[in-house]
Structure formats: structure tokens, C-alpha cells
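Heads up: the structure comes next, in C-alpha cells.
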Amino acid sequence: MKRAFFLLHFPFTTTLEISIFVGYIHHICSKHPRMEHTKSYEKELAFQADRRKATTEFIKIISDLWYDKAIEVVLFKNQIIDKNVSDIIHLHEYAGEFVQKPISIFDSLEILRAINDLKLPPSKLDLGKLTYEYHSDENNFNDIKAFVIDKLKGARKSKRVRPKDVVLYGFERIGRLLAREFMAKTGKGDQLKLRAVVIEEELNAETLEKRANLLCMDSVYGRFMGTVDTDLENNLLIVNGTPVYFIQAQKPEDVDYTKYGISNALIIDNTVAFRCQRELSRHLKSKGASKVLLTAPGKEVPNIVHGVNHHDYDPDYTNIYSAASCTTNAITPILKVIEDSLGIKKGHLETIHACTNDQNLVDNIHGKYGHRRAEAMNMAITETGAELAAAKVLPYLKGKLTSNAIRVPIPNGSLAILNLEVKNRASLDGINTIVKKYALEGDLVEQIKYSLNKEMVCSDIVGTSAPAIYDSNATIVSGNGKNIVLYIWYDNEYGYAHQIIRLAKYITKVKRYTYY
């Protein structure tokens, strides 16, 4: 009826004109927003279903590569083992934003299938980098498998590594995070094998149960995604089916690791009770120990930030290492980038650091200023040796930096603010481009994560394996281009723990073939 009424009000003179008009009305109706939205919605649902199905296959291949072939695949440095469908899709979206090109799950799945078809040694491969390079203008291959074979041809020259035993001396915050990572990423056990944990307390059922509970549950990182059982008779924790001995000792030199079938082991000291060369050398007097790694700044021993200066010390000739501090691991990769690109005249480092176990819950005596007041109620200015530690890793920075720290009442997630005067003029876009390049390729890809988040807060970076998270949206550059302010976030526990693991692999020579 409405259509007839509409036609009566328009004086058409021929049947053809009426036919054309009716056809036009049909066309308009077919383009009705409601109908278009319905079709669009259904298409989107179908696409999402296909994408999630592809992601499910993606996850299976990732697991098969890791557990069957000891091949670890990451996506622009982000770990993707044991991730769910939503995590994988989100990481692909981040990757696309990062390289400013679409990174499709369908493309990365094709490359992943090609990797799975190859005979490769134990490896660590960045699927994001491979996908990006396949779609770059410089790629001359139309066949994905031929492209992957060409890119990974260096794997044929790699030597198979012999796995090494690891002992955690102490089971504090960092020690437990290391235990989680070692056990979750054991795979076929072809690299580092956690064999034992040494504690001072008397070993009994209660002690072992408490340690098991602390490993299982964590207020910051949540439940351990695995199984932890106790064998009280043999003083063992059975983690994901793998036995880990608990050994009681008051002195490092008193332990005989060979009694537990452990030999040539790397001792990772996370007690922070021993800091200098003489004290740390006591570990080497125990039977079955060969190397020592301190999870804190050390005295008279090499302070190493993996990716920055680890090649300065040959494991064949160096037996004791320090992994420096979490803050040092956060700032030195960025400081190296700025020094190499622009040159640093001088600067000030301010760290906004999460509270730590050595602070007081309520006001009480403490050896350090600021730590005497209740940590849950106060921000507190305290001293830090971050500028001195950075100069140990990068000697050319000696005397150029000052620093201090502010402790804040949050459990984890810290921020370093670098206020630098540079030698060469810089722009905001120029600095961001420089840092992005280092985050995408070169020796610091594991150390620097380039963040695109416009509303970054400390809880966003918890669980990030990179020790330095560069906040690209917070960078400030003065009008003359000579003064810059950089904001570097860091998970002061998880990111640091991964730096320790990277250094441990270098020390023990279990580094696999990598394509990063």
C-alpha cells in the first residue's frame, strides 16, 4: 500500500520510466542498512570462526614443535607456548601495529606448517619476524616453504648442545620465578635442567609443604600452570612430573651435589647473602658445581646485562657472574641505543620502584633511609646505585649520570625515567624510529619491547619477559632537540628473571640456534 501511494504522487509518462523507478526502489531496499548490517555481522562471525579455528591449529603446532622437537617459537619476542586462542589473536594484532603491516594468523600458520615440515635442530625462532620478512618488498620467494628453508638455512651449521644441571641456592622471590620458568619451559630437557634447591631451614614435612605452596600460588603471577607434588621421604618436589631435590645447608662449600646425581652444575645464588668474589667462590668448593651466577649486583665479579655486555666475558675463562640488578637490566639497553645513535653528554636517572621484601610493613629501624617507614602507606625517596651499575656495564657512561629512587606501595611493576642531554639533535619521531629498529632487529631484540599503549600503567607490564619496555607515547624532546626524557617500564621480577635465564644459557653454553 505504501509503495502504491508513493507511485501515485509521481507523474511517470511511460511504462519504461515506471519500470526504471521500481528497479531503483528495489536497489535501495537491497541496500537497507538493517539488511547490510545483518550480512556484515554474519560475515564477521564466519571470519572469526575461521580465525579461531586456524589459531587452534596454530597452538597445536606450537606445542608439538616445543615438546617433540625442542623448537621454541615466539612472536616478536612474545612467548606463545601455553597461550590460549584470545592471547594468540591479541599478539597478532600487536604485531601488526608494531611493524605497521597486517600480520595475519593465516599467514603465520602457513609459515608455521612449513617450519614443522623441516628437520631442524633445537631452536628458538621468531615467527613474527619471518612473517614480516615474507611480506616485505625484499622477499623474492613466492613459495612459503622455499622462503622458510632459505631463511633457516643457518640451522644446518648449528651444533647440538649438551644439557646442563642447574641448582637454585635459595628459594626467594626470584628463585621461585626461575623455578617456574625452568619447569614450565623444560620441553625435552635439552638445555637447563633444574635439579635441586638449597635452603637453610631444617628439612621436614612442613618446610617442604610451605615451599610447594609458595611455588604453586603467587599473589602477583597467579597459580602455577602445572602440577607440584611432594615426596616427603626423599625431600623432593615433583614439578610437572620432574623431581627436584631440596637440600639443607648452612654453608655453600658443605654441599655435595654428586650425591644427588648432579654434576658440572650452574649454581644460581638468589639469597643475596654473598656478593663479592671471595664469598661467591665458596660455591665452587662444593662437589658437582662448576659455575656461579648471582641474581644481584656483585663486587669484584663481572656485572652482566645479557644482550649488552655478555660477550665481553668468555665462559671458558670466567666462572662467577653477576646478573646486575633489575633496574640496570632495564636502563642499559636503552642507554646503549641512545649512546650509539645520538651520544650522551650527561643525564639523570629516576626509578619509581615497586616495594620489596627488605622494606618495613610498619615503621621500624632499617639500615637505609626511606625504608624505615611503612611501605604500604608511603612513597619513599631512597638511594640507588643504578648510575654506577650502568657504568660498570657501559664504561663510557662513568661520571655522566646521577640517580635516585622512589619506592612506591605497589607489589610489582616499576618505571625508570631517563632525563638525558644528547650530543646530536633529535626529534620525537626520530628517537621512536631508532628504538623501534633496535626492538625489531639486532642484538637487543630480547631486551627491548616497544610499547604502543597510549594508556600504559604498571599493571599492564606484569609478566613481560623483556627487561625494558619503551613507552613510545611518553617520550619528550625539547625544542632544541638536545634534551630528551624517556620512560622505561619494567617488570622488576619477571623481566629480570628472564634476563637471568638468558645469561645462564650463555654461561653454560646451551644456547640453541636462533632466528630473531
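The values are calculated or read from the model by the stated rules, or taken from the named source; none is laboratory data. This is a predicted model, so every value here is computed, not measured. Here the Cβ positions follow ideal geometry from the backbone for every residue, glycine too, while neighbour counts run over all protein chains shown. The accessibility values were calculated without ligands, DNA or RNA, using every heavy atom of the protein model including side chains. Shrake-Rupley method; radii C 1.70, N 1.55, O 1.52, S 1.80 Å.
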Exercise. Hey, any hits in the stretch 272-282 for a residue that's crowded, with 16+ Cβ neighbours inside 10 Å and part of a loop (DSSP other than H, G, I, E, B)?
Worked result: yes
Seminar exercise, completed: Of those in the stretch 197-240 that are open to solvent by less than 20 Å² (accessible area, probe 1.4 Å) and in a strand (DSSP E or B), the residue farthest from Gly495 (Cα to Cα) is Leu236
For this session: Count, please, the residues in the stretch 138-157 that happen to be touching a residue at least 24 places away in the same chain (Cβ under 8 Å), in a loop (DSSP other than H, G, I, E, B) and open to solvent by 40 Å² or more (accessible area, probe 1.4 Å).
Result: 0
Exercise. Restricting attention to the stretch 122-137, and to residues there that are closer than 27 Å to Thr186 by Cα and not in a helix (DSSP H, G or I), which single residue is most open to solvent (accessible area, probe 1.4 Å)?
Worked result: Lys124
Exercise. Which residue out of Ala49, Ala114, Ala54, Ala95 is at pLDDT 60 or above and in contact with a Gly (Cβ under 7 Å, 6 or more places away or on another chain)?
Worked result: Ala95
For this session: Report, by residue number, each residue of the stretch 301-311 that is within 15 Å of Ala390 (Cα to Cα) and free of Cβ contacts under 8 Å to residues at least 40 places away in the same chain.
Result: Val301, Pro302
Exercise. Yes or no: Ile80 modelled with pLDDT of 90 or more and either in contact with a strand residue (DSSP E or B) (Cβ under 7 Å, 6 or more places away or on another chain) or among the aromatic types (Phe, Trp, Tyr) (or both)?
Worked result: yes
Problem set entry | Hey, Ser414 open to solvent by 30 Å² or more (accessible area, probe 1.4 Å) and among the polar types (S, T, N, Q) or not | no
Exercise. Of all residues in the stretch 61-80, which are under 22 Å from Gln48 (Cα atoms) and outside any helix (DSSP H, G or I)?
Worked result: Leu75, Ile80
Exercise. Out of all the residues in the stretch 353-362, is one or more among the hydrophobic types (A, V, I, L, M, F, W, C) and surrounded by fewer than 13 Cβ atoms within 10 Å (Cβ to Cβ)?
Worked result: yes
For this session: From the list Lys392, Lys346, Lys368, pick out the single residue that is open to solvent by 60 Å² or more (accessible area, probe 1.4 Å), over 30 Å from Tyr132 (Cα atoms) and within 26 Å of the chain's Cα centre (by Cα).
Result: Lys392
For this session: Among residues belonging to the stretch 160-196 that are out of contact with any strand residue (DSSP E or B) (no Cβ under 9 Å at 6 or more places or on another chain) and either of a type in the set (Phe, Trp, Tyr) or assigned to a loop (DSSP other than H, G, I, E, B) (or both), point out the one that is modelled with the lowest pLDDT.
Result: Lys188
Problem set entry | Selection within the stretch 312-332 - outside any loop (DSSP other than H, G, I, E, B) and either among the hydrophobic types (A, V, I, L, M, F, W, C) or without any contact (Cβ under 8 Å) to a residue 60 or more places away in the chain (or both) | Asp312, Ile320, Ser322, Cys326, Ala330, Ile331
For this session: Take the stretch 248-262 and flag every residue that is in a loop (DSSP other than H, G, I, E, B) and within 19 Å of Asn234 (Cβ to Cβ).
Result: Ala249, Val255, Gly261, Ile262
Seminar exercise, completed: Quick count over the stretch 100-138, residues being of a type in the set (A, V, I, L, M, F, W, C) and in contact with a Leu (Cβ under 6 Å, 6 or more places away or on another chain), is 2
Exercise. Can you spot a residue in the stretch 46-58 that is aromatic (Phe, Trp, Tyr) and open to solvent by 20 Å² or more (accessible area, probe 1.4 Å)?
Worked result: yes
For this session: Assess whether Lys482 counts as being farther than 18 Å from Asn309 by Cβ, at pLDDT 95 or above and in contact with a Gly (Cβ under 8 Å, 6 or more places away or on another chain).
Result: no
For this session: Can you tell me which residue among Leu420, Leu444, Leu401 is in contact with a Gly (Cβ under 7 Å, 6 or more places away or on another chain), within 26 Å of Tyr516 (Cα to Cα) and modelled with pLDDT of 90 or more?
Result: Leu444
Exercise. Which of the residues that make up the stretch 384-405 are assigned to a helix (DSSP H, G or I), touching a Ser or Thr at 6+ places or on another chain (Cβ under 9 Å), touching a residue at least 24 places away in the same chain (Cβ under 8 Å) and not charged (D, E, K, R)?
Worked result: Ala386, Ala389, Ala390, Val393, Leu397
For this session: Return only the number of the condition from (1) over 24 Å from the mean Cα position of the chain (by Cα); (2) outside any loop (DSSP other than H, G, I, E, B) that Leu293 does not satisfy.
Result: (1)
Seminar exercise, completed: Matching residues in the stretch 322-334 (touching a strand residue (DSSP E or B) at 6+ places or on another chain (Cβ under 7 Å), open to solvent by less than 10 Å² (accessible area, probe 1.4 Å) and not β-branched (Val, Ile, Thr)) number 5
Exercise. Quick check, is Ile410 under 26 Å from Ala296 (Cβ atoms), assigned to a loop (DSSP other than H, G, I, E, B) and among the aliphatic types (A, V, I, L, M)?
Worked result: yes
Seminar exercise, completed: If you go through Ile115, Ile103, Ile111, Ile89, the only one that is open to solvent by less than 10 Å² (accessible area, probe 1.4 Å), without any contact (Cβ under 8 Å) to a residue 40 or more places away in the chain and aliphatic (A, V, I, L, M) is Ile111
Exercise. Does Glu339 qualify as being surrounded by 14 or more Cβ atoms within 10 Å (Cβ to Cβ), out of contact with any strand residue (DSSP E or B) (no Cβ under 6 Å at 6 or more places or on another chain) and free of Cβ contacts under 8 Å to residues at least 40 places away in the same chain?
Worked result: no
